[in-house]
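Single-structure report; data block below.
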């Protein structure tokens with residue numbers, strides 16, 4: 001049997017919950033039953049729309065929505081890939097938003113469909129109490145996570161192989177972090193590549209994950225030799 005690896009998984013090194021890519025997964029619990037209109041946006045481009053029904057008669061506790069499938073150009077280049085415009089989940093169910101492909105700068109909005117003009121009920125650019133953010137990284141190194149709304153920061157280390165060997169990741173659960181008005185708890189974390197980092201949000205949040213290597217590169221200036229600038 002041939003094993004096919006999704007090469008898109010290695011494309012990104014950084015992510016942001018307010019404009020996310022395939023390193024980031026968002027989990028939102030619907031506040032009440034009803035029908036919700038969804039919008040999937042990349043940057044300033046509307047990729048597509050959908051309908052989401054939350055119903056107590058539905059036994060599903062979770063629905064997964066791949067935002068990459070809303071890109072018509074991407075679908076046209078992947079044999080057999082289709083997009084759904086209707087989803088359903090049970091009462092108190094969770095909606096999981098993720099991207100399986102190369103896309104970056106994604107966000108999603110949910111608006112409850114009713115006679116009243118209630119406006120948006122969920123906007124992934126501003127998370128709040130009860131939402132969950134999961135980062136799953138592939139590249140070892142030093143990172144930092146910051147909440148753009150609260151100013152709190154946390155340090156993250158993605159470990160490298162010991163003597164060329166990784167531990168049995170299937171036996172290692174996710175590393176769990178709590179984000180409250182006091183900041184990240186814990187404020188220093190270690191994970192292995194592909195090991196999930198799960199952050200439970202209790203305050204307004206937009207989480208930015210940055211590699212310290214890229215931060216240093218931005219502030220180090222050009223590399224020179226003998227007065228001549230070199231290109232990296």
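Take the Cβ-Cβ distance between residue 157 and residue 203 as r, set R0 to 25 Å, and report the resulting FRET efficiency rounded to the nearest 0.05. So the FRET efficiency works out to roughly 0.55.
Taking all Cα pairs closer than 8 Å and separated by 6 or more residues, the relative contact order of region 7-125 comes to 35 percent.
In region 63-152, Cα pairs under 8 Å separated by at least six residues give a relative contact order of 23 percent.
If we sort 120-128, 48-56 on the protection proxy, mean other Cβ atoms within 10 Å, highest first, what's the order? Kindly include the intermediate steps, with their values, before the conclusion.
Working: 120-128: 18.0, 48-56: 16.3.
My ranking of the peptides, most packed first, is 120-128, 48-56.
Estimated from the Cβ-Cβ distance and a Förster radius of 30 angstrom, the FRET efficiency linking residue 114 and residue 82 is about 0.55. Extension gain for residue 144 to residue 53 (0.36 nm times residue separation, less C-alpha to C-alpha distance): 29.1 nm.
How would 211, 180 line up from fewest to most surrounding beta-carbon atoms within 10 angstrom? Show your work: numbers first, answer last.
Numbers: 211 18, 180 14.
Neighbour counts put them in this order, fewest first: 180, 211.
Each of the peptides 59-72, 196-209 was scored by the mean count of other Cβ atoms within 10 Å over its residues; in descending order, highest first, they stand as 196-209, 59-72.
Any read-out appearing in this document is the output of simple, stated calculations on the displayed coordinates, not a laboratory observation. Please read all numbers here as calculations on a predicted model, not as lab measurements. Using ideal geometry, Cβ is built from the backbone for each residue, glycine included, and neighbour counts are taken over all protein chains shown.
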